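The values are calculated or read from the model by the stated rules, or taken from the named source; none is laboratory data. Fair warning: this is a prediction, and the values are worked out from it, not measured in the lab. Positions of Cβ are backbone-derived with ideal geometry, glycine not excepted, and every protein chain shown enters the neighbour counts. The accessibility values were calculated without ligands, DNA or RNA, using every heavy atom of the protein model including side chains. Shrake-Rupley method; radii C 1.70, N 1.55, O 1.52, S 1.80 Å.
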Amino acid sequence: MDPILLEYAWVLLVLIVLEGLLATDNAVVMAVMVKHLPKLQQKKALFYGLLGAFVFRFTALFMITFLVKFWEIQAIGAIYLLFISGKNIYDKITHKPEGHPNQKPKKQSGFWMTVLKVELADIAFALDSMLAAVALAVTLPELGNFHVGGINGGQFVVMLLGGMIGLIMIRFAAKQFVVMLEKYPTLETAAFLIVGWVGVKLVVLTLAHPELLIIPEAFPHSTLWKMTFWTVLLVLAVGGYLLAVAKSKVKANK
């Protein structure tokens with residue numbers, strides 16, 4: 001095989017693995033957003049979310065050199081995720097038991113509003129994913145004499161393939177998370193804590209944006225931050241899962 005094509009194949013493989021890791025937090029957010037819908041509508045909401053994400057990311061790839069200038073996009077995403085995390089955890093804490101005289105029925109978002117929320121969340125994640133793809137793709141030698149959105153055509157194709165495969169991973173991972181949330185309802189609190197932690201991740205990215213530089217630009221990509229982020233995420237996920245399973249067994253034995 002041509003050495004350049006072999007290098008491209010290797011970077012594509014690395015990018016797919018990276019997209020798979022990034023898909024984890026995205027999938028958790030999507031799962032908790034569609035959980036309240038009936039099963040058929042859950043599938044439709046995830047499908048429309050994936051379709052919208054495909055259109056947005058494909059369009060954004062052509063505009064990546066323009067979009068990355070706006071730190072406000074990630075800032076809005078961070079505020080949005082921190083808000084839904086904080087609100088849902090607050091609702092859980094202040095939730096009154098069934099039959100309580102002062103209990104008010106919780107109003108849930110309709111189908112299309114849920115789809116809109118899924119789309120907004122994906123936009124918040126998209127720049128992080130695409131920036132990672134760009135960082136890997138630009139290390140490749142240029143292939144072909146055409147450019148797309150200021151990026152070499154060969155590099156662009158690698159980014160596009162990696163991004164699309166990542167979206168498919170998100171879709172199936174989100175479906176599995178929905179099943180887990182239905183099986184272990186108490187896992188929802190851990191899921192929203194993860195959503196909030198992902199919001200913190202976007203805050204860090206925003207603060208390190210070249211237009212702000214409140215913290216060093218390299219910090220979000222440093223080993224220290226990545227280890228911290230994934231360690232906390234793992235603790236929340238595993239701890240939440242074990243606690244949910246324990247509570248489920250206690251409930252079953254009553």
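The single condition from (1) open to solvent by 20 Å² or more (accessible area, probe 1.4 Å); (2) aliphatic (A, V, I, L, M); (3) under 29 Å from L12 (Cα atoms) that V235 fails is (3). Of everything listed in (1) within 28 Å of L12 (Cβ to Cβ); (2) in contact with a helix residue (DSSP H, G or I) (Cβ under 9 Å, 6 or more places away or on another chain); (3) in a helix (DSSP H, G or I), the single unmet condition for M227 is (2).
From the list S248, S222, the one residue that fits, being of a type in the set (S, T, Y), open to solvent by less than 50 Å² (accessible area, probe 1.4 Å) and without any contact (Cβ under 8 Å) to a residue 60 or more places away in the chain, is S222.
Listed by first and then second residue, the pairs linking a residue in region 18-47 that is of a type outside the set (S, T, N, Q) and open to solvent by 10 Å² or more (accessible area, probe 1.4 Å) to a residue that is at pLDDT below 80 and not in a helix (DSSP H, G or I), with Cβ atoms under 6 Å apart and 6 or more places separating them unless they lie on different chains, are H36/Q108.
Residues in region 183-210 that are modelled with pLDDT under 85, within 16 Å of the chain's Cα centre (by Cα) and either among the aromatic types (F, W, Y) or not in a helix (DSSP H, G or I) (or both): F192 only.
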